[in-house]
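Beneath this line is the structure, given in structure tokens, with notes to follow.
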Amino acid sequence: MGLPAKRRTKQSKRERASHFALKRFTLIACSHCHRRIRPHTVCPHCGYYQGRLVMKVTSKTEKRAAKNKKARGAKEEVADQKKEGKK
């Protein structure tokens with residue numbers, strides 16, 4: 001296995017790694033809700049892309065309500081099964 005012939009200087013190390021710097025990414029306004037988003041992507045807030053609705057976006061409260069409704073339904077099924085088992 002080869003070994004480096006000379007130590008890499010601090011300057012050359014920094015020059016080599018200069019392209020690792022973080023770059024600012026561009027943001028554009030969504031065509032529907034006017035929030036700032038990355039270009040060429042679906043808006044995560046409203047689900048629009050180039051003025052068309054391409055995906056349905058549900059809010060956190062809607063997701064939570066659906067989850068609670070599903071959990072309540074499962075609890076009621078278990079309670080019904082226990083009642084049937086006792087009879």
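Quick notes on this structure:
- Every pair of residues 6+ apart whose Cβ atoms lie under 8 Å, when the first sits in the stretch 60-87 and is at pLDDT 85 or above while the second is loosely packed, with under 10 Cβ neighbours inside 10 Å and in a helix (DSSP H, G or I): none
- Among the criteria (1) touching a strand residue (DSSP E or B) at 6+ places or on another chain (Cβ under 7 Å); (2) part of a helix (DSSP H, G or I); (3) of a type in the set (A, V, I, L, M), the one VAL42 does not fulfil is (2).
- Entry remark, the stretch 18-32: residues being modelled with pLDDT of 90 or more and either over 30 Å from ARG52 (Cβ atoms) or assigned to a helix (DSSP H, G or I) (or both) number 0 in total.
- Here ALA29 fits the description: of a type in the set (A, V, I, L, M, F, W, C) and surrounded by 10 or more Cβ atoms within 10 Å (Cβ to Cβ).
- Qualifying residue in the stretch 2-22 (condition: within 20 Å of SER59 (Cα to Cα), surrounded by 11 or more Cβ atoms within 10 Å (Cβ to Cβ) and not polar (S, T, N, Q)): no
The values are calculated or read from the model by the stated rules, or taken from the named source; none is laboratory data. Please read these numbers as outputs of a predicted model, since none were measured by experiment. Cβ coordinates were reconstructed from backbone atoms using ideal geometry, including for glycine residues, and neighbour counts include every protein chain displayed.
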